[in-house]
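Undergrad: Mind having a look at this structure? Questions to follow.
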Amino acid sequence: MFRKFFVIGMVCLMSLSIMALTTDAQTPVTGPYLWMVAPCEPNQGGQNSTDVDSLDVASNGDVTEEMVAKKGAREGDVVGDYEWTTGTLPADGNINAMLITIGMVQNADLNDISSYALIVLRTNKAQPNVDMGVSSDDSIKVWANGEEVHKNAVNRGRGAAGAYQDRFKINLEKGNNLLMIKVSERGGGWGMYVGVAGDYDIVGIDAVLPVEPADKLTTQWAEIKNIR
């Protein structure tokens, strides 16, 4: 009898462990993201550019990180020398390789530059304190629904997929949740891994932005998080 209860108890414990692992698992979100890149000052990429608003600099003040983090962007909008372009990260998280694939850049080894990646997670209910994990090469900053939720000003390699270097919590609101991830590259490799726990669907940003009138330019911004 004791052995029977012992076996049942062990099975229950194993089941709980598996459930916990499943709940906590964070497979990297490869996209599709909406991408923009902006140059940093020479020899000042990576950790030194973490708090530099490279969108503001590249656009001469027309576009800022705060604006995009709160209101999103449209594919084809221009910031400096580049257009917002949709792309999916490869499994190894290589940003430079992905940018070449989507035709955004031609240089296979860009240095002193920051990338901005936008993605919308749509949920059926509010989910507070959801686990999020990120790895980056080099420094990283993350916004969720317009609020800065994480920053690590560091020069480093991004490590292995799923073995997140930084872990923190975010709140997913009911409806559309806009995430913006900035990765500042100093030199060498350039990439990121992003994982978000919880129950959500990935939707294209253009699918949640309102249609603009034909007589207006595509620089009009829309509040994403209030679109349900």
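Undergrad: Of everything in the stretch 92-109, what is surrounded by fewer than 20 Cβ atoms within 10 Å (Cβ to Cβ) and in contact with a Pro (Cβ under 9 Å, 6 or more places away or on another chain)? Give them in sequence order.
TA: Within the stretch 92-109, Ala97, Thr101 qualify.
Undergrad: Follow-up. Restrict the check to the stretch 110-130 and report whether at least one residue is at pLDDT 95 or above, touching a Lys or Arg at 6+ places or on another chain (Cβ under 9 Å), under 18 Å from Gly45 (Cα atoms) and among the aromatic types (Phe, Trp, Tyr).
TA: Looking through the stretch 110-130, at least one residue is at pLDDT 95 or above, touching a Lys or Arg at 6+ places or on another chain (Cβ under 9 Å), under 18 Å from Gly45 (Cα atoms) and among the aromatic types (Phe, Trp, Tyr).
Undergrad: Please state which one of Ala73, Ala97, Ala38 is in contact with a helix residue (DSSP H, G or I) (Cβ under 9 Å, 6 or more places away or on another chain) and within 16 Å of Asn111 (Cβ to Cβ).
TA: Exactly one of Ala73, Ala97, Ala38 is in contact with a helix residue (DSSP H, G or I) (Cβ under 9 Å, 6 or more places away or on another chain) and within 16 Å of Asn111 (Cβ to Cβ), namely Ala38.
Undergrad: Would you check if Lys125 is open to solvent by 40 Å² or more (accessible area, probe 1.4 Å) and in contact with a Gly (Cβ under 9 Å, 6 or more places away or on another chain)?
TA: No; evaluated as a whole, the condition is false for this residue.
Undergrad: I'm trying to understand the selection: among the residues of the stretch 110-169, which are touching a Ser or Thr at 6+ places or on another chain (Cβ under 7 Å) and aromatic (Phe, Trp, Tyr)?
TA: Tyr164
Undergrad: Which of (1) surrounded by 18 or more Cβ atoms within 10 Å (Cβ to Cβ); (2) aliphatic (A, V, I, L, M); (3) more than 22 Å from Val63 (Cβ to Cβ); (4) at pLDDT below 95 does Ile170 not meet, given it meets every other one?
TA: Checking Ile170 against (1) surrounded by 18 or more Cβ atoms within 10 Å (Cβ to Cβ); (2) aliphatic (A, V, I, L, M); (3) more than 22 Å from Val63 (Cβ to Cβ); (4) at pLDDT below 95, the one that fails is (4).
Undergrad: Checking Leu89 against (1) open to solvent by less than 30 Å² (accessible area, probe 1.4 Å); (2) closer than 14 Å to Ser184 by Cα; (3) of a type outside the set (Ser, Thr, Tyr); (4) not in a strand (DSSP E or B), which test does it fail?
TA: (2)
Undergrad: For the stretch 48-69, which residues satisfy the criterion of being open to solvent by 80 Å² or more (accessible area, probe 1.4 Å) and not β-branched (Val, Ile, Thr)?
TA: If the condition is that a residue be open to solvent by 80 Å² or more (accessible area, probe 1.4 Å) and not β-branched (Val, Ile, Thr), then Asn48, Asp51, Asn60, Asp62, Glu66 are the ones that fit.
Undergrad: List pairs: first in the stretch 183-204 and assigned to a strand (DSSP E or B), second surrounded by fewer than 18 Cβ atoms within 10 Å (Cβ to Cβ) and not hydroxyl-bearing (Ser, Thr, Tyr), Cβ under 6 Å, 6+ apart or cross-chain?
TA: Every condition considered, the pairs that remain are Tyr193/Ala161; Asp201/Arg122; Val203/Arg122.
Undergrad: Can you tell me which condition Tyr116 does not meet? The list is (1) surrounded by fewer than 20 Cβ atoms within 10 Å (Cβ to Cβ); (2) in contact with a strand residue (DSSP E or B) (Cβ under 6 Å, 6 or more places away or on another chain); (3) not aliphatic (A, V, I, L, M), and all the others hold.
TA: Evaluating Tyr116 over (1) surrounded by fewer than 20 Cβ atoms within 10 Å (Cβ to Cβ); (2) in contact with a strand residue (DSSP E or B) (Cβ under 6 Å, 6 or more places away or on another chain); (3) not aliphatic (A, V, I, L, M) leaves (1) as the failure.
Undergrad: Can you find a residue that is closer than 21 Å to Asp138 by Cβ and touching a residue at least 12 places away in the same chain (Cβ under 8 Å) anywhere in the stretch 69-76?
TA: Yes, the conditions are met somewhere in the stretch 69-76.
Undergrad: Continuing with the same structure: Only one of Asn145, Asn177, Asn152 is open to solvent by less than 50 Å² (accessible area, probe 1.4 Å), on the phi > 0 side of the Ramachandran plot and polar (S, T, N, Q); which?
TA: Testing whether each residue is open to solvent by less than 50 Å² (accessible area, probe 1.4 Å), on the phi > 0 side of the Ramachandran plot and polar (S, T, N, Q) leaves just Asn145.
The values are calculated or read from the model by the stated rules, or taken from the named source; none is laboratory data. Fair warning: this is a prediction, and the values are worked out from it, not measured in the lab. Using ideal geometry, Cβ is built from the backbone for each residue, glycine included, and neighbour counts are taken over all protein chains shown. Note: accessible area is taken over every heavy atom of the protein model, side chains too, but ligands, DNA and RNA are not part of it. Shrake-Rupley method; radii C 1.70, N 1.55, O 1.52, S 1.80 Å.
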